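Below you'll find the structure, written out as structure tokens, and then a few comments.
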Amino acid sequence: MHERSFTARPTRAVRYDRAGRTGVVRVFYGSTLRPEDSGFPSLMGWKRGPATGVGFPTIQCTVTCDQPGYWSNLGWIQWVTMDYHGGHKDAALVDRPPSMAQLDLPFSTFGYCPTFFDAPAYPSHPKINWNASLFLCTFPMMTRREPIVPLTGFEWGYRIPHRGGAVTRLPLRVAKDEDWKRTRTEVARRHRTWTFAPSFV
């Protein structure tokens, strides 16, 4: 773990056992200390500045899979809501790289035992409640009729109490069935060609 935003030990380690898959997710949850620590200089269009992302939460989830080969092809789905308290129009989205925003793809990242990383950054510091529901899921390999099954998940985010205020990182917690059902409803509505398991338990 080379990012200075994280400690050497994971914040949480959660074992999953669903849909024929078993393994462990280790979550490293911290705050960006310098833009370089979260990789912002690698982003096209990044405006160099000493405060970009500083103080905002940073999360990295690593996956250790017990099964070989295609069993370990998994994906991360993240649903984000942004409540601006009347200062801006509230927003909600299936979180993906901007280059993938126009594709009918519900996954933020996917692959063999995929690692997830996110570091939100809003330099204007608007008054906001920023909440993320993040789920490690099975990845359909043969057809979109295969259900996307959640294996484990996490709730995280931050708040800024007033415009220009300090960032308060929200506690990390393991997601519950109601979190998946809410996320599933919103993601399925936006990605109707995919199939999503109805329950997290």
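The values are calculated or read from the model by the stated rules, or taken from the named source; none is laboratory data. Computed from a predicted model, the values in this text were never measured in an experiment. As a convention, Cβ positions derive from the backbone with ideal geometry for all residues, glycine included, and neighbour counts pool all protein chains shown.
Here are a few things to note about the model shown:
- Reported count of residues in the range 182-201, each being free of Cβ contacts under 8 Å to residues at least 40 places away in the same chain and surrounded by 15 or more Cβ atoms within 10 Å (Cβ to Cβ), is 2.
- Counted residues, the range 11-31 - those being part of a loop (DSSP other than H, G, I, E, B) and either modelled with pLDDT of 95 or more or more than 16 Å from the chain's Cα centre (by Cα) (or both): 2
- Answer residue from the range 97-143, given it is at pLDDT 95 or above, aliphatic (A, V, I, L, M) and over 22 Å from Val24 (Cα atoms) and is nearest to the chain's Cα centre (by Cα) among those: Leu105
- Residues within the range 22-68 that are in contact with a strand residue (DSSP E or B) (Cβ under 6 Å, 6 or more places away or on another chain) and of a type in the set (Lys, Arg), tallied: 1
- Residues (closer than 30 Å to Pro140 by Cα and of a type outside the set (S, T, N, Q)) located in the range 40-75: Leu43, Ile59, Cys61, Val63, Cys65, Asp66, Pro68, Gly69, Tyr70, Trp71, Leu74, Gly75
- Within the range 119-170, the set of residues being surrounded by fewer than 19 Cβ atoms within 10 Å (Cβ to Cβ), closer than 13 Å to Met82 by Cα and of a type in the set (Ser, Thr, Tyr) comprises Tyr122 only.
- Within the set Asp66, Asp83, Asp95, the sole residue that is charged (D, E, K, R), surrounded by 15 or more Cβ atoms within 10 Å (Cβ to Cβ) and closer than 18 Å to Pro150 by Cβ turns out to be Asp95.
- Residue in the range 28-51 that is aromatic (Phe, Trp, Tyr), surrounded by fewer than 16 Cβ atoms within 10 Å (Cβ to Cβ) and touching a helix residue (DSSP H, G or I) at 6+ places or on another chain (Cβ under 6 Å) present: yes
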